[in-house]
Each structure stands twice: as C-alpha cells, then as structure tokens.
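K.L.:
Got a structure for you, written out below as structure tokens; questions coming shortly.
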Amino acid sequence: FQLETALRKALDRGEFELYYQPQLDIKTKQIRAVEALIRWNHPEKGFISPGMFIPLAEESGLITPMSDWIMLQACEHLKQLQLHFPNVKMSINISPIYFQQIDFLEKLQKTIESVNVNPRLIELELTESAVMPHAEQSVERLTMLKTMGISVAIDDFGTGFSTLSYLHRFPIDILKIDQSFTKQLSQYQEDSAIVEAIIMMAHSLRIQVVAEGVETKKQYQVLEKQCCDFVQGYYVSKPMPISELYEFLDMWN
Ligand code: G
Ligand code: G
Ligand code: MN
Ligand code: NA
C-alpha cells in the first residue's frame, strides 16, 4: 500500500501536470488536436515517467481518482483553449480499467456538464486491450460516446493481437499507428507497406489515421504520400505545458 499512499499524496499535493502534444493535419497544415500526457514532478526524485507509474496506479486502484483528475483538468484546459483556438480538439488517454468501470460514462457526462465544455472537441484514446476483451459492452459504450458527440481513437494500433477485420465492429473515428511502425518508415520497405495497408483499410472503413512518433521530414513525406491524415511527434513538437502550448499555437495556426 506504500505506493498507493505516495500516489495519493502526489495527487493531493498537485504534483501531477498535463503536458500537451500537437497533432498536425497534413492536408490543411493546421493543428487539429492536442494529446494530453500526464507528468509527475516528484519533489525529490524529479520527473517520473507515466510509463512507470500508470501501471502501478492501475494495480493499486489509484488509477480511478487519477483519471478523474485527468478528465477534469483536460476539460478545464480545453474550455480555456477553445476561447482562443476554437477548432483544436483535446485527446485524452483512457486506462482500460477506467473505461470498463460501471460509472465511466456517467462521470464523464458530469465532468463535461460541470465544466460546460463542447463534447465535440473531446477525443478519447483507448487501446485495443480496452475494447477487445469485452467487445459487446465496448460497442455499447462506444456507441453512447458517439451519441454524446465524443470521438474515439484506437491508440498504439498494431501492437495488440487483434485482427484488422475486427475493427468494423467498433464505431471508432481514428486509428493511431504506433511509433514502432513510424520509426522504420525510411528504412524498410516492408514497414512502409504495413503502414500503407493500415491507412488504406482504415479509410475504407471511414476511419482517419494519425501516425505517432514522427521525427523526421523523410517520415512525414512518406506518410503524406500514403495519404495519412494526421501526424504527431517530435517533428511537429514535443509535449509541452499548457502555457507553452498557447505560444506554440499562436505561432502555428
Ligand atoms: O508521455 P509518455 O510517452 O512518457 O507516456 C508513456 C505512456 O503513458 C504512454 O503509453 C501513454 O499512453 C501513457 N500515458 C500518458 N499520459 C496518460 C494519461 O493521462 N492517462 C493514461 N491512462 N495513460 C497515459
Ligand atoms: O502510448 P501513447 O501513444 O499515448 O504515448 C505517447 C508517448 O510517446 C508519449 O510519452 C510521448 O512523450 C512519446 N512521444 C511523442 N512523440 C514522440 C516522438 O516523436 N518520438 C519518441 N521517441 N517519442 C515520442
Ligand atoms: Mn496516446
Ligand atoms: Na500511442
């Protein structure tokens, strides 16, 4: 229970912060969305990666209050952002555990109402492992999200075990191709073929595609040629605090 206590304290003390990474629309050259990425600024240990503490939060149950905070904070930041950049969407990572909780939709609805933010500007990122194991319940939930005006992205696509043909059963809007595929784009023809196949399949299902981890101009150009819709990665920008995001968008859009 030690870690649970540490995470709980960190939450109470406000040691977590959301950083934002922009997604570029290849066609319009505008920023279409920002992804919220949590950071832990530990007073002694310094920066701790979410790759470390999210799994521990999931095991200890702290993922619930942490996710409640993430939802609220991201919606509040979106509400402010919208006043200056009305078309930029907010994309929020949702833990599979949080997504599967019985009151997930109800809490989400309440947060949206209390902050009074436009749900059409909210996108949720779910992994294949969040939706596949409970397919029927997931379809119901995803349909409800669609009714609420919220869009859904499948994160880390290509790293799970699901078959592509499964996709058409889920009402999703966006596929995020995992970084591991993007990394190889300039080197190996085979990975380029896989990415191209994913993009074509997604488009045939009316799903738009984000390539993650785009770092070089070469990767960007390959993706543009393959009709990828959006790119995210260091080539556009690293994740940054909300204050820097405003400066970035002022310069960009
Ligand atoms: O930002 P970074 O690349 O260090 O993130 C590492 C991992 O942590 C990624 O898999 C990312 O999806 C996950 N992550 C980052 N922020 C959040 C968050 O707010 N909620 C959840 N559930 N996962 C997050
Ligand atoms: O699992 P998810 O896709 O949500 O995690 C995104 C993670 O990838 C974040 O932790 C973010 O910091 C990291 N990231 C974002 N862009 C790049 C990039 O261009 N290169 C690398 N190596 N990591 C990136
Ligand atoms: Mn993500
Ligand atoms: Na991802």
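K.L.:
Checking the a/c ratio against 1.5 first, then a/b against b/c, what shape does the Cα gyration tensor give for segment 1-59?
P.N.:
Prolate, because a/c is 1.5 or more and a/b exceeds b/c.
K.L.:
While we're on this one: Based on the alpha-carbon gyration tensor of the chain and its eigenvalue square roots a ≥ b ≥ c, which shape applies: rounded if a/c is under 1.5, prolate if not and a/b is larger than b/c, or oblate?
P.N.:
Values: a/c = 1.43, a/b = 1.27, b/c = 1.13.
Rounded is the answer for the chain, as its axis ratio a/c remains below 1.5.
K.L.:
Right, here's the next one. Give me 120, 39 sorted ascending by neighbouring Cβ count inside 10 Å, so fewest comes first.
P.N.:
Details: 120 11, 39 15.
The order, fewest Cβ neighbours first, is 120, 39.
K.L.:
A 24 angstrom limit on the alpha carbon distance is what I want to check against. Which of 146/225; 27/110; 218/238; 45/89; 110/238; 45/183 exceed it?
P.N.:
In this structure, 146/225; 27/110; 45/89; 110/238; 45/183 exceed 24 Å between Cα atoms.
K.L.:
If neighbour count is taken as other Cβ atoms inside 10 Å, put 176, 9 in order from fewest to most. List each step's numbers first, then the result.
P.N.:
Numbers: 176 23, 9 10.
Fewest to most other Cβ atoms nearby, the residues stand as 9, 176.
K.L.:
Among 117, 209, 236, 139, which comes first, then next, by fewest other beta-carbon atoms within 10 Å?
P.N.:
Working: 117 21, 209 25, 236 18, 139 14.
So the ranking, lowest neighbour count to highest, is 139, 236, 117, 209.
K.L.:
Which order, highest average first, do 141-152, 221-232, 41-52 follow once you tally other Cβ atoms within 10 Å for each residue and take the mean per peptide? Can you show the working numbers first?
P.N.:
Working: 141-152: 17.0, 221-232: 19.2, 41-52: 9.9.
Those peptides, ordered most packed to least, come out 221-232, 141-152, 41-52.
K.L.:
Rounded, prolate or oblate for segment 146-253? Axes are the square roots of the Cα gyration tensor eigenvalues, ordered a ≥ b ≥ c, and the cut-off for rounded is a/c under 1.5.
P.N.:
Working: a/c = 2.07, a/b = 1.18, b/c = 1.75.
Oblate.
K.L.:
Residue separation times 0.36 nm, minus the C-alpha to C-alpha distance between residue 56 and residue 97: what's the value? Working shown, then result.
P.N.:
On the way: separation 41, 0.36 × 41 = 14.76 nm, distance 1.23 nm.
Contour length minus the Cα-Cα distance gives 13.5 nm.
K.L.:
Now a separate question. Output the Cα-based Rg and Dmax of segment 104-162 in Å, rounding Rg to one decimal and Dmax to a whole number.
P.N.:
Cα-based Rg and Dmax for segment 104-162 come out at 12.4, 38 Å.
Every read-out reported here was derived from the displayed coordinates using simple, explicitly stated rules and does not represent laboratory data. Not measured: the values here are computed from a predicted model. In this analysis, Cβ positions are derived from the backbone assuming ideal geometry, glycine residues included, and neighbour counts consider all displayed protein chains.
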